[in-house]
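So the structure is just underneath, and the comments pick up after that.
The values are calculated or read from the model by the stated rules, or taken from the named source; none is laboratory data. Quantities reported herein were computed from a predicted structural model and do not represent experimental measurements. So basically every Cβ, Gly included, is an ideal-geometry build from the backbone, and we count neighbours across all protein chains shown.
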Amino acid sequence: MPITYDIIGNITIVRLVGRCEKNRKEIADTMMGIHRNVKTVLAQVGPVNGEFRTCELERIGGEDQSVTVHAESKCRFFVDVKACYFSPIDFLMSGCASHSKLQVERLW
């Protein structure tokens, strides 16, 4: 299995290393089998960089899409995973859920 993965809405982003790289189709099928809501599996094929912390993603299974809706803490985020960085783990682990909510509210 991949070393790490994130599920954002109905998209899974996997980081493949070593021997996992050659089994990408099987990994994508397994991820969609385990997580029934996942419709697309993308592999991160480059490092995170730039102002918006984007990285190159390659579809390895499922539908050809990069836009999804991610629900978290009674909020819904419309995310294009190829255009911006979003990590549900970073959001929760940093303790910034309430801080981010305040930042979003200030935008309106």
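Brief remarks on what is shown
- Residue list for the stretch 15-36, restricted to those being exposed (fewer than 12 other Cβ atoms within 10 Å of the Cβ) and in contact with a Gly (Cβ under 8 Å, 6 or more places away or on another chain): Lys25
Results for (1) closer than 21 Å to Thr12 by Cα; (2) modelled with pLDDT of 80 or more, shown as yes or no for each residue.
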position	(1), (2)
Gly61	yes, yes
Ala71	yes, yes
Val79	yes, yes
Ser87	yes, no
Leu92	yes, no
Leu107	no, no
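- Within the stretch 6-18, residues that are outside any strand (DSSP E or B) have Cβ atoms under 7 Å from residues that are hydroxyl-bearing (Ser, Thr, Tyr) in these pairs: Gly9/Thr68; Asn10/Thr40; Asn10/Thr68, counting only partners at least 6 apart in sequence or on another chain.
- Qualifying residue in the stretch 66-82 (condition: touching a His at 6+ places or on another chain (Cβ under 6 Å) and either more than 15 Å from Tyr5 (Cα to Cα) or surrounded by fewer than 15 Cβ atoms within 10 Å (Cβ to Cβ) (or both)): yes
- Residue match in the stretch 46-54 (condition: touching a residue at least 40 places away in the same chain (Cβ under 8 Å), outside any strand (DSSP E or B) and not charged (D, E, K, R)): no
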